[in-house]
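Scroll down for the structure; my scribbles are underneath it.
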Amino acid sequence: MRRIGLIGGLSWESSAEYYRIINQAAQRRLGGLHSADCLLLSFDFAEIEALQVAGDWAGASQRMVRAARQLAGAGAGCIVICSNTMHQMAEAVQAAVDLPLIHIADATAQPIVRAGLRTVGLLGTRFTMQQDFYRGRLSERHGLSVLIPDESGCEIVHGIIYDELVRGLVRAESRRAYQRVIEQLAAAGAQAVILGCTEISLLIKPADSALPTYDSTELHALAALGWALA
């Protein structure tokens, strides 16, 4: 088994999900008392969030690069950024270490393409939904047409992530708000919806959605384990 290097704390709520999913999958695959060989470097998310709000992506990138180098130095064989938003600096991280970076957009897109779907809705932070680093990769590398909510919907989705989900708060009224946004994406032509923030699966389960859901957290974690066992 190869060693997975996880950059977490983005937030710790979703990092705990990565750890759970990876280790449960390792036990299913290998049986017995097996678990995954992994390293987790966890940020203080308040510091990262402050950089995001300030638009200091260069400062955030420096921290991510430093984290990747620390994991490489500790013996990690790959890098997994446990956040959709922080893949904004995936290229910088990849360039800084001589290790494969398992990209969350690729891990998420692959089963969508295999299912024959072409138009997807994307939920995530405002950065993920509105900037091109994520949508562009889905489109250019995987041929997907990506729809996002209108301005009001983006505000709702983004606000619930930062005000509630990263704090571990899961509220029924927020679930209903997300369901309305998903219904709007379905009406606009989306065939499925990507849960493109690693905390959204804490709130939205497949049964809660009018569209098939693709959980980026689970798909990314499973891709990391697949690499480790390949």
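The values are calculated or read from the model by the stated rules, or taken from the named source; none is laboratory data. The model shown is predicted, which means the values in this text are computed figures rather than measured ones. Neighbour counts are summed over all protein chains in view; Cβ atoms, including those assigned to glycine, are modelled from backbone coordinates with ideal geometry. With ligands, DNA and RNA removed, areas are computed over all heavy atoms of the protein, side chains included. Shrake-Rupley method; radii C 1.70, N 1.55, O 1.52, S 1.80 Å.
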**Request:** For the chain, report the accessible area per residue in Å² (1.4 Å probe, heavy atoms, rounded to an integer).
**Result:** 43 Å²
**Item:** Under-5 Å amide H pairs with Ser42, H placed in peptide plane, nonlocal only
**Value:** Gly8
**Prompt:** Taking amide hydrogens as modeled 1.01 Å from N in the peptide plane, which residues meet the under 5 Å criterion relative to Leu195, leaving out close sequence neighbours?
**Reply:** Tyr214, Asp215, Ser216
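Provide the FRET efficiency to the nearest 0.05 for the Thr119-Ala210 pair, computing r from the beta carbons and using R0 = 22 Å.
Numbers: r = 15 Å, r/R0 = 0.66.
With a Förster radius of 22 Å, E is 0.90.
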**Request:** Tell me which residues come under 5 Å, amide H to amide H, from Ala188 once H is placed; ignore anything under 5 positions away on its chain.
**Result:** none
**Request:** Taking the dipole about the Cα centre of the chain, with the C-beta of Lys and Arg at +1 and of Asp and Glu at -1, give me whichever of Ser35, Ile156, His87 is farthest to the positive side.
**Result:** Ser35
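Note the full-extension length gain between Ser152 and Glu164 as 0.36 nm times their separation in residues minus their Cα-Cα distance, in nm to one decimal. Provide the component values of the computation, followed by the final result.
Working: separation 12, 0.36 × 12 = 4.32 nm, distance 1.76 nm.
Result: 2.6 nm gained on full extension.
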**Item:** Accessible-area composition of the chain, carbon plus sulfur, in percent [1.4 Å probe]
**Value:** 48 percent
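Go ahead and estimate [θ] at 222 nm for the chain from helices alone: -39,500 (n - 2.57) per DSSP H run with n ≥ 4, summed, over the residue count, rounded to 500.
Values: 10 runs with 123 residues, N = 230.
So the calculated ellipticity at 222 nm is -16500 deg cm²/dmol.
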